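Note sheet for the following structure.
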Amino acid sequence: MTHPEPEESETSHLLGLALGALGVVYGDIGTSPLYAIRECFFGPHPVPVTRLNVLGVMSLIFWSLIIVISIKYLVFVMRADNRGEGGILALMALIRTEKKRRWVLVVMGLFGAALLYGDGMITPAISVLSAVEGLEVATHLFHPYVVPITIAILVALFIIQRRGTEGIGKLFGPVMMVWFATLGILGVAWIVREPSVLTAVNPYHGVRFFAHNGLRGFLVLGSVFLVVTGGEALYADMGHFGRRPIRLAWFVLVLPALLLNYFGQGALLLEQPKVEHPFYNLAPSWALYPLVVMATIATVIASQAVISGAFSLTRQAVQLGYSPRVEIKHTSEEEIGQIYIPAINWVLMLATIGLVIGFGESSNLAAAYGVAVTTTMVITTVLAFVVEREVWGWSTLAAGALTAAFLVLDLSYFGANIVKIPHGGWFPLVVAGVVYLMMSTWKQGRRLVAERLREEALPIQEFVQSIKPGAPQRVPGTAIFMTTNPNGTPTTLLHNLKHNKVLHEQVLIMTVVTEEVPSVPGDERVTVEPLENGIYRVKARYGFVQDPRAQDVLDCLREKGLPLELMKTTFFLGRETLIPSTRAGMFLWQKRLFAVMARNAQRFTDFFRIPPNRVVELGMQLSL
């Protein structure tokens, strides 16, 4: 089934959910406005807090939000959906359906996806930590408790993930609306005191800022970039919420609230140049603690959007063959995109807590933030160019002009963030490198296993023709032999025949294929090809956001004239013991890594939802 745009009746329901995802566009909520303005003045190489510099930074923030989020992502990139699904893997799959063997684009897309895992670790850490640090604005007595409080909140955040995006959205959607309204009100209170800050909408102030500050001004982009870091996660979450609710929430509520808040901070800096916490100092002293509480809740919701994006990315990687099978739990009976992956959740939790302990302060984490996202944004822009040319049918001139305009910004942010690598920016790159290595190794390993099995397979037509009446003996029932090679005789079938000397009356040779589209309609999902002697070749096709289920396949087979019942059907599965060797195909160390990953992958019986008492596993050794 496809993912159509939500109906109007669904928009109000999804709006609350979309607000949770849109919170992440605010990036660090407390941190983005704090560091995007403050770091350039109070960082290790500060520029003076002058009217010119304040208006210059405000201009950069304004146009970054307009061009990068509002125009690039909301207007153009979100059009590049793969049947409703977003994210860099969906974009990569969309391209690969048009032309095969684009290995360069595949490598870029895969590495861009790997980078998002590093972002998924840093975002919750820096977001919650920066919000809790607001307590120090009231009194430094809270300083020893900032890290413990942050860790406690993060643990609670990851524990509630099992409730799913829908449950969290329903609970906190209204809170996000109040939060954004509060941001706008706080900003307006200072804008009316210093209305000249609104002149920063003139891009001339940004140009003058660069001209006056030179290289230091360019490096400020590394801080300004924090206001747009959530664009990629927003694109990845499109399959959860739909394009329309996200755009509605952004243009009606989120963008105005953010702009008012940022301009309010700029006005505060114009009036009080020495203030160290522009965001929290927008509020009167009596409202500081409530603001910290609201900021913390908002960062939890924003971080949840990044985590759910990691869940979606992982499921897509599993279905596209870039990751071993993992346990995937559905948290909604209505929305296919609402999932929870325990293994990813706990890995992210441990990494996030480690980052909080290791870096200690959000200002230190800010140095690690941005490198991964800027790289992914550059890759997304390049992949979008291919989509514009080959999927949308744009001319090279039109697609090239738009891509060049976006790349100027993307590469500028990328260059300004590269200097962060020695100060912590190496962390997301290391994480991305490890994830990319595992993804590419799994893909190559599965291809190598298929090649080895194909080399030893007996053509299915030869096997079918070898069946004679009465030989071998046929026994009542249905046997389904799972295989990745529909043209070859499954090894499990040959082993069963060799050792048990029998063949079931009805034999199905089944292949489960994941297509490079998000979903396959039910009436197109299963095809049946009768061979001879009661043997059928069955192909079950699924999209990369769908979960294969044995019962669904049997239901489709019944509709096609094969009356099968799950509890009267036996599934024969092969369980290969992989033996790394020096044969060509992969490096020996990669083969060993692949063997370890294969041993720890989720069992196919769990993945395909087959009752354990309906499965027979036949083992074999396979030399890689």
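Please give the contour-minus-distance gain from E271 to N600: 0.36 nm per residue of separation, less the Cα-Cα distance, rounded to one decimal in nm.
112.5 nm is the gain from fully extending E271 to N600.
Which helices count as membrane-span-like in the chain under these terms: full DSSP H, at least 27 Å along the axis by C-alpha, Kyte-Doolittle mean of -0.5 or more?
Helix filter hits for the chain: 103-132, 164-191, 288-319, 371-390, 396-418, 426-456.
Which trypsin sites (Lys or Arg not before Pro) from the range 514-603 combine a DSSP loop assignment with at most 16 other Cβ atoms within 10 Å?
R549, K560, R583, R603
Provide the FRET efficiency to the nearest 0.05 for the L198-R163 pair, computing r from the beta carbons and using R0 = 30 Å.
Calculated value: 0.10.
Could you sort out which of K443/K591; K539/K560; K468/K501; K329/K568 sit more than 20 Å apart by Cα distance in this structure?
Beyond 20 Å between Cα atoms: K329/K568.
Starting with the highest mean, order 346-356, 418-428, 461-471 by the number of other Cβ atoms within 10 Å, averaged over the residues of each peptide.
The densest-packed peptide leads the list: 346-356, 418-428, 461-471.
Could you work out how much longer the chain between W589 and Y289 gets when fully extended? Use 0.36 nm per residue separation minus the Cα distance between them, nm to one decimal.
102.6 nm
Can you give me the accessible area per residue for the range 508-552, using a 1.4 Å probe, in Å²?
35 Å²
If I model a spin label at T577 and Q465 as a point 7 Å from the Cα along the Cα→Cβ vector, what separation in nanometres do I get?
3.6 nm
Using the Karplus equation 6.51 cos²θ - 1.76 cosθ + 1.60 (θ = phi - 60°), what ³J(HN,Hα) coupling, rounded to whole Hz, does each residue of the range 68-79 give in order, writing x for Gly and Pro?
Computed from phi, the couplings for the range 68-79 are 6, 7, 5, 8, 5, 7, 5, 8, 9, 4, 5, 6 Hz.
Note down the magnitude of the dipole of the chain about its Cα centre, charges +1 on Lys and Arg C-beta and -1 on Asp and Glu C-beta and zero elsewhere, to the nearest 20 debye.
Computed about the Cα centre, the dipole is about 1560 debye.
Could you work out how far apart the two model spin labels at E390 and E327 are, taking each label as a point 7 Å from the Cα in the direction of the beta carbon, and quote it in nm?
With each label point 7 Å from Cα toward Cβ, the separation is 3.9 nm.
So who's got an amide H within less than 5 Å of the one on N487, skipping anything under 5 residues away but keeping other chains? H placed 1.01 Å off N, in plane.
It is none; the list stays empty.
Can you find, among A550, L573, V615, the residue farthest towards the positive end of the dipole of the range 536-619? Put +1 on the C-beta of Lys and Arg, -1 on that of Asp and Glu.
Selected residue: L573.
Going by amide H atoms built from the backbone, whose H comes under 5 Å of the H on H504, apart from near neighbours?
Those qualifying (amide H under 5 Å, at least 5 residues apart or on another chain) are V475.
Per residue, how many Å² of accessible area does the range 424-497 show with a 1.4 Å probe?
Roughly 46 Å² per residue, with all protein chains present.
State the answer as a single residue: which of A302, L221, Q319 lies farthest towards the positive end of the charge dipole of the range 205-341, with beta carbon charges of +1 for Lys and Arg and -1 for Asp and Glu, about the Cα centre.
Among A302, L221, Q319, the one farthest towards the positive end of the dipole of the range 205-341 is L221.
Rounded to the nearest 20 Debye, what is the dipole magnitude of the range 485-546 about its Cα centre when Lys and Arg each give +1 and Asp and Glu each give -1 at the C-beta?
Using Cβ point charges on Lys, Arg, Asp and Glu, the range 485-546 gives about 320 debye.
Under 5 Å between amide hydrogens, which residues at least 5 positions from G360 or on another chain qualify, with H placed 1.01 Å from N in the peptide plane?
none
Putting +1 on Lys and Arg Cβ atoms and -1 on Asp and Glu Cβ atoms, find which of A156, L564, N53 reaches farthest to the positive end of the dipole of the chain.
Most positive-ward Cα: L564.
Taking the solvent-accessible surface of protein heavy atoms with a 1.4 Å probe, what is the per residue accessible area of the range 184-269 in Å²?
Roughly 33 Å² per residue, with all protein chains present.
Percent relative contact order of the range 521-567, based on C-alpha pairs within less than 8 angstrom and at least six residues apart?
32 percent
Hand me the GluC sites (Glu not before Pro) from the range 529-607 located in a DSSP loop with no more than 10 other Cβ atoms within 10 Å, in residue order please.
In loop regions of the range 529-607 (DSSP not H, G, I, E or B), the sparsely surrounded GluC sites (Glu not before Pro) are E532, E565.
What's the carbon and sulfur percent of the chain's accessible surface, probe 1.4 angstrom, rounded to a whole number?
Reported share for carbon and sulfur atoms: 62 percent.
Hey, what's the Cα Rg ratio for the range 224-367 versus the globular rule of thumb, 2.2 N^0.38 Å?
1.28
Evaluate the charge dipole of the range 61-162 about its Cα centre and quote only its size in Debye, nearest 20, assuming +1 on the Cβ of each Lys and Arg and -1 on the Cβ of each Asp and Glu.
780 debye
With a ≥ b ≥ c taken as the square roots of the eigenvalues of the C-alpha gyration tensor of the chain, please select rounded if a/c is under 1.5 and otherwise prolate if a/b is larger than b/c or oblate if it is not?
The shape class here is prolate.
The values are calculated or read from the model by the stated rules, or taken from the named source; none is laboratory data. The model shown is predicted, which means the values in this text are computed figures rather than measured ones. Here the Cβ is made from the backbone with ideal geometry for all residues, glycine too, and neighbour counts use every protein chain on show. Remember, those area values only see protein heavy atoms, side chains included, never the ligands or the DNA or RNA. Shrake-Rupley method; radii C 1.70, N 1.55, O 1.52, S 1.80 Å.
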